[in-house]
Amino acid sequence: MLINCTSRKCGKNSEAKLNRTTGEILCAECGEPIQNVTEAMKRTLNSMGQVIRGENKQAFQVFCPTCKKNVFFLVEDGKCYCPACKEYLKVSPSFVKAYEDNLKNNKDE
Ligand SMILES: [Zn+2]
Ligand SMILES: [Zn+2]
């Protein structure tokens, strides 16, 4: 389910994910918490499995030197890039593999 990001810098629709620990919805594009998400929406995301796996949240963030913060990178053609500034990030191939395996695992659920 696509949710519109409330961050002014971003404002994109993305497959935002629920952090079940904090109850926050985090934008898949910029990683910022999205405001004004109803409890009903959170329950829907939870039941759809559109949630952040606790241990993965930190594991799959990398530091973007351009944005000067940790970002949830995206992968295209085996290369990682920052969703905010679109700069390529230096990430080891084994890390990308782990990330892609993780995505597959999440889809199977
Ligand atoms: Zn965003
Ligand atoms: Zn960046």
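Laboratory data are not the source of any read-out in this text; all were calculated from the coordinates shown. Owing to the predicted nature of the structure, the values given are computational and were not obtained by experimental measurement. With ideal geometry, Cβ positions are generated from the backbone for all residues, glycine too; neighbour counts draw on all protein chains shown.
What shape does the stretch 3-48 take by its C-alpha gyration tensor, where a ≥ b ≥ c are the square roots of the eigenvalues and a/c under 1.5 counts as rounded, a/b above b/c as prolate, and the rest as oblate? Prolate. Going from the fewest other Cβ atoms within 10 Å to the most, the residues Leu74, Leu89, Leu2, Leu18 appear in the order Leu2, Leu74, Leu89, Leu18. Here r is the Cβ-Cβ distance between Asp77 and Asn13 and R0 is 22 Å; the resulting FRET efficiency, rounded to 0.05, is 0.40. As a calculated quantity, the FRET efficiency between Phe63 and Thr22 at R0 = 22 Å, using C-beta atoms, amounts to about 0.55. Return, ordered by residue number, the residues of the stretch 13-44 whose backbone nitrogen is under 16 Å from a label point located 7 Å along Cα→Cβ of Leu2. Answer for the stretch 13-44: 13-17, 27-30. Dimensions of the chain based on its C-alpha atoms, expressed as ranges along the principal axes with the largest first, amount to 39, 33, 22 Å.
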